[in-house]
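Reading through the C-alpha cells given below for one structure.
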Amino acid sequence: MDDLEKAIVISFDESGTVDSGLKTQAIAFCQQIKENPSICSLCIERLCYTKLVQVQFWCLQCLLDALRARYSLMSLEEKSFIRKSIFSMACYEAINDNNSVRVLDSPAFIKNKLAQVLVTLIFFEYPLIWPSVFVDFLPNLNKGTVVIDMFCRVLNAMDDELISMDYPRNGEEVAVAGRIKDAMRQQCVPQIVGAWYDVVSMYKNSDPDLCASALDCTRRFVSWIDIGLVANDAFGRLLFELMLSDGLTDQVRAAAASCVLAVVSKRMDPQSKLSLLQSLQIRRVFGLVASEDIDSELVSKVAALLTGYANEILECSKRLDLGDGKGVSVELLNEVLPSVFYVIQNCEVDATFSIVQFLSVYVGTMKNLSSLTETQLLHVGQILEVIRAQIRFDPVYRNNLDILDKIGREEEDRMVEFRKDLLVLLRSVGRVAPEVTQIFIRNSLANAVASTADRNVEEVEAALSLFYSLGESMTDETIRTGSGLLREMLPMLLSTRFPCHTNRLVALVYLETITRYMKFVQENTQYIPLALGAFLDERGINHPNVNVGRRASYLFMRVVKLLKSKLVPFIETILQSLQGKVAQFTRMDSAREQLSASEDGSHIFEAIGLLIGMEDVPLEKQADYLSALLTPLCQQVKVALLNAEVQKSEESSAMIANIQQIIMAINALSKGFSERLVTGSRPAIGAMFKQTLDVLLEILVVFPKTEPLRAKVTSFIHRMVDTLGASVFPFLPKALEQLLAESEPKELLGFLVLLNQLICKFSTAVREILDEVYPVIAGRVFNILPRDVFPTGPGGNTEEIRELQELQRTFYTFLNVIATHDLSSVFLSLKSMVYLDQMMQMLLYASCSHKDILIRKACVQIFIRLIKDWCAKPYGEEKVPGFRNFVIETFSTNCCLYSVLQKSFEFHDANTLVLFGEIVVAQKVMYEKFGNDFLVHFISKGLPNAHCPQDLAEQYCQKLQDNDIKALRSFYQSLIESLRVHQNGSLVS
C-alpha cells in the first residue's frame, strides 16, 4: 500500500486500535488529496488495480462528490473519460491493459456505490449527451449474472435517486425524471422489459436472488411504462406461474406477487382498469394465503396483493355509473372479499392498506340500497367479525391492564385510539344493516354471558364494548322503548355476573354499558332492582379494584339523577348496601387507609343526597336519614378539633386528610337539597345544615393556616350560600373574619370568589359586610400587586407570578361585580376613600392597556357605572370631588380615544369589538352626565391631538348628540380607522 491507501484504510478504521491523532492526520491527508483537480483520474486509476474495499469505496465516493459538485465545470475530455471508465466497470470490462481488478467482483455495497455514480451521469447526460447508455448496456447482459445483477442495481438506484415519487423531489429533479422517462419509453423500455422476462425465465430456479432483483426492477417501472408490456399473456402467465410454483423460493414468489400488485395499482381510467383487473383472474392465488405459513414473506405479499386488488375494484365501482361495469366490479369484489376478510383476520396486512378505510368505503356503497343481497349480508357479518377481532385486547397485557401499570396504561391508551375508527365503522354497519348488527352483538353478548372460563376476559370485554358502542348511534326514544333486540339484551346484561367480573376492564365497560342504556330502566321500572344490584354489589361500588369502585360511584350518582323519584321505594335498600362505604368516613383511621384517594366517596354522598333530598321522601324519614349521616361526621370533626393540639405530626396529617374527606362528603351530600326545601317547606332540614356549618367553621379557628382545609371549608360555604340562601347570613361574619386572616394571594383569591358569589346572590343585602371587608381587601391587594405591568421573559412565568395575575383578574371581577350590583357606595366609605385614587389609577391603566381584552371591558363597565352612580346631570352637585374632572380630562381621552388608536386594538377580533362597544357607551354616558364639558374637552383637546380633521370632529358631535347608538358606534369605528391612516405615528404604535 502506498501512503494514500494507508491513509484511507486508517480513516475508515472503527476498531479503536488506531491512535486518534494518527487517524486525524489520515483524514486530513485524504481530504487534501480529494481537493486535487485531477482527483477523478486518480480515483479511476486506483479502481483499476486496488482490491481494498475501503479504497474502492473512497474512490467511488470521490467520483460521486466531484460529479455532483462540479460536473458543469469539467472539460469534455474529463467527462468522456469518466463516462467510458464507469460504463466499462459496470459492464465488467477492462478500462486499460493494466486493469487487473474488476469492481463487480467486490461486495454489494461497492457495486451499489458504482451504480450511484452511473446514475449521476445519467442525470446529467441522458438522453442529450449520452443517448445510448441503456441500448449499449443490454448486449452486455449476455456476459452473465454479474452484469445482469449490476444492470438491476443501476435501474433500482435510478428509481431511488431520480424517478420514484416516494421521496421528496424539487422542481429540477421532477423535470429531469420526466425527461429520462420520456426518452426511455421511446427508445428502450420494451427491450428492457424483454430482458427482465428472459432473466426471470432463465434464472428462476438457479439464481433466485437475481430473479427477485429483476422482478423488483419490473415492479418499480410498472407505474410509468406501457402496462401492456407486463400485463400480457406471456409476462402475466409467467408471474402467476412463479407465485403458484411450490418448487421456487418464497423470495421469488413474493417478488412476483409484488409485481402483480404494481400492475393492479397502475393509474388508469376506471373502465380500462376494470378490464385489466378482470383479465388477471386473481382468483388463482386465493388459496395461497390459507395454504402457506401465514408468517412467510410470500403470504405477506399475496395478502398485500389481494387487499390492493380489492381496494382498486372498490375505487372502480365508485367511479363507474350503473351498467355492465358496475356489475363486473360487484362480481369481482364478491369473489375476492372472503379472501380479504381472511387476510385481515389472520395475516400481517401491508401498512399502506387501511383496513378501516377500505371497509368503510365498502359499507358506504350500501348506504343507498333499498335492501342488501345475501352476499352483502354475509359480508356485513364478516365485517362485524373483523371489528370484534380487531378491538380485542391482547391477552399478553391482561395483568398489566388489570393493575394498570405503566405498560397497561400505554396499551389502554393505544387501544382507545385504535378503536375509534373501528367503532365508527360499527355504527356505519349498524345503519346499513341494523338487524344483522343487533343479532351479531346479541350473539356476542350471549356467548360472553355463557362463558365459564377466566380466559375469556378479552372476548367478554370486546362483546360489552360492541354493545356499548351500539348505543351511541341509538336515539333516547329507541333505548327507552327497548326496540329490536334491546328488550332481550338489556335484561340479560343486567342480570349477568361474569366469571371474569373481577377484571378491571370488564367491570368498567359493564358499568358504562348499563349506564348508557339506563333510559330503558327508567321506562321499565321492573328492572330497577337488577340495575341497582349491578352498581351496589361487588360488580360496582364494592368491586375489589378501587378504580372500579370510584368509577361505579360516579356512574351510580348519574343513575340516581336520572331515575330520581323512581328510586324512593329502594332508598332503604340502597343505604343499607352503601353502609360499609359510608362508615369509612366515620372512622378516624380511614384517612390512613385512603390518603392516596382523598376524593374517593364524594360521589356516593352526592348520590345519597340526591336520593334523600327529594320532597317525595317523608320529612321524618328525611330527617332521620340526614341525621344518621351528618351526626357521626360532625362528631368526628369535633373530636378531631379537640385533639388537634396534642396530635403528633404524622397523626395530624392523617387527621387533616380525614377532615378533608368529611367536608367533601358533607358538601356532596348537600347538593341533593334545594334552597326551597331547606328554607321553605322543611326548615328543620335547614337547621341541620346550619348546625353542620357551625361545626365546620370551627376548623378555620383551629387550623387557621392549613390551606387544604381552608379551601374545603370555603367550598362548603359556597355550597351553603346556594342551599341556605339568606339564612346563611348569621354565619358569614365569623366565616369571613377567619378567611380574611390570611394574606397569601391564593387565600385572598378564594375569598374574593366567595364575595363575588355573595354579591351576585344577595346584591345590596351584603352592603354592611362589604363596608367592613373591602378596605382590608383593597389594602392587601394594592400592597401585593405590582404597580406596573407584570415582568415578562424567562422569569415572568413562575408560579408566584401566575398566582398574582390570577389575583389581579379576580380583583377586577370583584370591582365590576360591586359596581354593577348597586354597591359602588362601598368605595366611598371613610375607610375605603383612602384607596380610591389607587383604584382609579389601576382601573384607568387596565381599561387602556391590559393585555386581556375581557379585563379591559370589565374596567370600562366599572367606569360607566361609577359615572352613572356618582355624577348628577350637567352642573349638578359633585358627589365625589375630582372624579368628574378625572373622567373628562383623563379617562375619556386615554381610554376612549388614544387606546383605541393603537394598532394592537384589533377590530377583527370579536372580544375587542365588544370592548369597543362599551367604550362607545361610555362616551354616550359622559355626554349625558357632563354635557358640553365633556364634548368641548374631547373635541378641543383629544381629537386635535389625534390629527382629526374639523369636519370629522363636527360629524362626531352630531352623532353623539343623536339617540342612535348603533350609528354612533359605526361612525366612531370608521373615524378611528381613518385617523390611524392619517396620523404621523405620535399616538399609534
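Axis angle, to the nearest 10 degrees, between helix 406-432 and the longest C-alpha principal axis of the chain: 80 degrees.
If the viscosity is 1.002 mPa s and the temperature 20 °C, what Stokes-Einstein diffusion coefficient in µm²/s follows for the stretch 190-253 when Rh is the Kirkwood radius over Cα pairs? Before the final figure, lay out the partial values.
Working: Rh = 11.8 Å.
Estimated diffusion coefficient is 182 µm²/s.
Just the protein heavy atoms count here, and of the accessible area of the stretch 1-117 at 1.4 Å, carbon and sulfur take up 52 percent. Taking a sphere under 14 Å around the Cβ of residue 429 and counting the other residues whose Cβ falls inside, with K and R at +1 and D and E at -1, yields a net charge of 0.
By the helix-only formula, in which each DSSP H run with n ≥ 4 contributes -39500 (n - 2.57) and the sum is divided by residues, the chain has a 222 nm mean residue ellipticity of -21500 deg cm²/dmol.
Could you provide, to the nearest whole Å², the per residue accessible area of the chain with probe 1.4 Å? Walk me through the intermediate numbers first.
Details: 44220 Å² over 989 residues.
Accessible surface, normalised per residue, equals 45 Å².
The lysines within cross-link reach of residue 273, meaning a Cα-to-Cα straight distance under 28 Å and a gap of 8 or more places when in the same chain, are 181, 301, 318, 326, 367. Debye-formula intensities of the stretch 187-340, expressed as log10 I(q)/I(0) at q = 0.08, 0.09, 0.18 Å⁻¹, are -0.22, -0.28, -1.05 (one equal scatterer per alpha-carbon, no solvent).
Report the longest stretch of the chain that contains none of the chymotrypsin sites (Phe, Trp or Tyr not before Pro) sitting in a DSSP loop with at most 15 other Cβ atoms within 10 Å. Display every interim value, and only then the final one.
Details: sites that count: 875, 907.
Within the chain, the longest run free of exposed chymotrypsin sites (Phe, Trp or Tyr not before Pro) spans 1-874.
Looking at the stretch 786-893, the trypsin sites (Lys or Arg not before Pro) that sit in a DSSP loop and have at most 16 other Cβ atoms within 10 Å of their own Cβ are 787, 831, 851, 879. Here the Debye sum runs over all C-alpha atoms of the stretch 110-158 as equal scatterers in vacuum, and log10 of I(q)/I(0) at q = 0.16 Å⁻¹ comes out as -0.43.
Considering only the other residues whose Cβ falls under 10 Å of the Cβ of residue 10, what net charge follows from Lys and Arg at +1 and Asp and Glu at -1? Net of charged neighbours comes to -1. Diagonalising the gyration tensor over the Cα atoms of the chain and scaling each eigenvalue by 5 before taking the square root yields semi-axes of 74, 47, 31 Å, largest first. Filter the cross-link list 690/734; 712/734; 690/712 down to pairs whose alpha-carbon distance in this structure exceeds 19 Å. Going by Cα-Cα distance, every pair falls inside the 19 Å limit.
Straight-line cross-link partners of residue 761 among the aspartates and glutamates, defined as a Cα under 15 Å from its Cα and at least 8 positions apart when in the same chain: 675, 722, 822.
With all protein chains present, how much of the accessible area of the stretch 854-989 (probe radius 1.4 Å) comes from carbon and sulfur, to the nearest whole percent?
Details: 3120 of 6310 Å².
That share works out to 49 percent.
Going through the stretch 333-382, which GluC sites (Glu not before Pro) have at most 14 other Cβ atoms within 10 Å and a DSSP loop state? Each step should come with its number before you reach the end.
On the way: sites: 335, 348, 374; in loops: 348.
Of the GluC sites (Glu not before Pro), the ones in loops of the stretch 333-382 whose Cβ has at most 14 other Cβ atoms within 10 Å are 348.
Farthest toward the positive end of the dipole of the chain, out of 485, 812, 202, is the Cα of 812, where the dipole comes from beta carbon charges about the Cα centre. Between helix 853-870 and the chain there is an angle of about 20 degrees, using the helix long axis and the longest principal axis of the Cα atoms.
Please get the size of the charge dipole for the chain, origin at its Cα centre, with Cβ charges of +1 on Lys and Arg and -1 on Asp and Glu, quoted in debye to the nearest 20. Before the final figure, lay out the partial values.
Working: 98 positive and 117 negative charges, 455 e Å.
Dipole of the chain, to the nearest 20 debye: 2180 debye.
Under the rule a/c < 1.5 gives rounded, and otherwise a/b versus b/c splits prolate from oblate, where does the stretch 611-765 land using the Cα gyration tensor? Judged from the Cα gyration tensor, the stretch 611-765 comes out oblate (a/c at least 1.5, b/c at or above a/b). In loop segments of the stretch 699-773 as defined by DSSP, the trypsin sites (Lys or Arg not before Pro) with at most 13 further C-beta atoms inside 10 Å of their C-beta are 705. Helix 108-125 versus the longest principal axis of the chain: what angle, 0 to 90°, nearest 10, using Cα atoms? It is inclined by approximately 90 degrees.
Given the pairs 581/705; 857/924; 831/879; 113/266, which are separated by over 27 angstrom at their Cα positions? Over 27 Å apart, Cα to Cα: 581/705; 113/266.
The values are calculated or read from the model by the stated rules, or taken from the named source; none is laboratory data. Just so it is clear, the model here is predicted, and its values are computed rather than measured. Cβ sites come from the backbone with ideal geometry, for glycine too, and all protein chains shown count toward neighbours. In case anyone asks, the SASA skips ligands and DNA or RNA and just uses the protein heavy atoms, side chains included. Shrake-Rupley method; radii C 1.70, N 1.55, O 1.52, S 1.80 Å.
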